[in-house]
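Read the structure below first, then the notes.
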Amino acid sequence: MLNRVLKGTGWNIERAVDNKTVLVLAKENSFDLIITGQKTCAKEDVELLRQIRSVRPHVRMIVLTDETTPAEVIEAMRGGVFSFFCPPYTRGVLADMVNLAMTEPAWDDGIEIISAVPAWVRLIVRCDLATADRLAQFLRVGSTLSEDEKDDVIGAFREILLNAMEHAGRFDPSQYVEVGFFRGRHVVACRVKDPGEGFSLDEIRHAAVNNPPGDLLSHMIVRDQQGLRPGGFGLMIAKRLVDEVVYNEKGNDVLLVKYVGLPPRTESQDTGASQQSTSA
């Protein structure tokens with residue numbers, strides 16, 4: 001699979017039969033990227049990375065594994081793993097991440113854990129697109145949501161994160177965004193706090209959410225005038241993917257809420273609620 005992913009890149013690929021062999025080779029040679037085999041567990045791969053870092057402090061590693069837990073993903077992030085994949089994932093997504101790993105310059109300080117347990121994680125992340133993509137992949141592999149719920153939450157989070165990085169952080173790698181994830185029994189919450197002074201939702205004319213009724217594209221003219229990248233649909237998309245999008249008073253701190261795992265309402269429950277509302 002990796003030969004197909006890396007076909008035509010011009011990179012030299014060397015295969016090792018196990019992690020012990022990888023360690024010997026990495027001590028003798030300066031490899032740009034190490035991709036682990038799926039049959040080893042994440043814990044073994046993170047320990048391998050720690051040993052390699054004693055002689056190759058900036059080596060990059062992408063962990064592939066057949067199964068994992070949220071706690072293992074957190075430890076991989078603490079250990080400085082570049083990215084993490086567990087089925088299901090597509091060859092194209094893996095190829096994109098491999099290209100990021102091989103082409104991105106200074107990446108070591110891109111994601112820093114402030115505090116983390118599987119149910120509640122707080123991070124600071126550098127304001128650049130590559131870091132946003134890396135964080136979204138860690139969130140995907142570490143989430144216990146269903147695939148549909150995962151797509152909604154990660155899609156909304158990424159849109160809001162990119163808004164914060166672009167409009168408050170100006171995609172300046174010296175700027176950082178604070179993010180948080182909370183997983184309750186029937187709720188998921190994502191928080192994004194940007195480094196800016198805030199804004200009013202009524203004043204962001206570059207966003208599609210403030211277009212006049214029936215006009216989906218007038219904000220594009222504003223974005224072009226301001227030299228912004230094409231887009232502006234992030235907030236509108238986020239509001240469709242999660243149940244609640246709440247900004248603080250200054251507009252520089254946003255909370256995304258998605259209710260998950262709730263049983264579907266029955267017809268009798270709906271009728272009862274209607275009767276209660278009528279009698280009230």
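No value in this document is a laboratory result; all are computed from the given coordinates. Just so we're clear, the structure is a prediction, and the values are computed from it rather than from any experiment. Methodologically, a virtual Cβ is constructed for each residue, glycine included, from the backbone with ideal geometry; neighbour enumeration extends over all protein chains shown.
Couple of notes before you dig in:
- Cα gyration tensor category, rounded, prolate or oblate, for the range 1-58 with a/c compared to 1.5: oblate
- Charge dipole (Cα centre; +1 on Lys/Arg Cβ, -1 on Asp/Glu Cβ; no other charges) of the range 1-105 amounts to roughly 200 debye.
- Applying 0.36 nm per residue to the separation of Leu129 and Val5 and subtracting their alpha-carbon distance, the gain on full extension is 42.5 nm.
- Put the Cα centre of the range 100-142 next to the Cα centre of the range 4-49 and the gap is 21 Å.
- Cα-Cα over 23 Å, subset of Lys150/Lys250; Lys193/Lys258; Lys7/Lys27; Lys7/Lys150; Lys39/Lys150: Lys150/Lys250; Lys7/Lys27; Lys7/Lys150; Lys39/Lys150
- Gyration tensor verdict on the range 1-105 (Cα atoms; rounded if a/c is under 1.5, prolate if a/b is larger than b/c, oblate otherwise): rounded
- Computed FRET value (nearest 0.05) for Val187 with Asn248, which takes r as the C-beta separation and R₀ as 30 Å: 0.95
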